[in-house]
Amino acid sequence: ARSKKNETKSSNYFKQMRKVNRIYRKIANQRLDSLHKKSTEIANQYDIVCVEDLDMKAIGNKGFGNGKATFDNGYGMFLNMLDYKLKERGKYFVKVDKWYPSSQICHCCGSVKKLDLKDRVYTCDCGYTGDRDHNAAINILTEGLRILQSL
Ligand SMILES: [Zn+2]
């Protein structure tokens, strides 16, 4: 009787697992779909896209606030889609080295300073103040264009 009970338990467990897997696959497919849509949109709209080549493993493990989510969201997959879709259209996809200090450079005057992860605003002695990510994005674009011209 005992082994029968265990059997039931385990078969329920596997049933449950299959259900979970099915749901997970569904979510993964929806996500894939939205990654495809977004990357196609960007590839149609822009001739050059410069991105930061983030170290996915480091992010996954390091506990950036949203690290795990970024990892799960398939940022790497998204970059691959962007890459081939831009190239398909004869456009450019440039990866900026992950060690390039995009968030530490003032895009106005070029001076460099350390920011904490919690600092959302970049304030520079030159008078520039702006959103951290926006400043970093401009630097990534500038560096990407420099790389592109040196090819
Ligand atoms: Zn500055």
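Bear in mind that the values in this text are calculations on the coordinates, not laboratory data. As the structure is a computational prediction, the values presented were derived from the model and not from experiment. Quick reminder, even Gly has a Cβ in these numbers, built from the backbone with ideal geometry, and neighbours come from all protein chains shown.
Longer than 29 Å from Cα to Cα, which of LYS15/LYS85; LYS37/LYS91; LYS95/LYS118; LYS26/LYS98; LYS26/LYS118 are they? Say none if no pair is.
LYS15/LYS85; LYS26/LYS98; LYS26/LYS118
Tell me, in nm to one decimal, what length is gained between ASN12 and ARG146 on full extension, where the rule is 0.36 nm per residue of separation less the Cα-Cα distance?
Full extension from ASN12 to ARG146 adds 42.4 nm.
Quick one: net charge of GLN45's neighbours, Cβ under 14 Å, K/R +1, D/E -1?
+3
Which distance in nm do the two modelled labels at ASP131 and SER34 give, with both placed 7 Å along the Cα-to-Cβ direction?
1.9
In whole Å, what are the extents of region 83-138 along the principal axes defined by its C-alpha atoms, from largest to smallest?
Largest first, region 83-138 extends 43, 20, 16 Å along its Cα principal axes.
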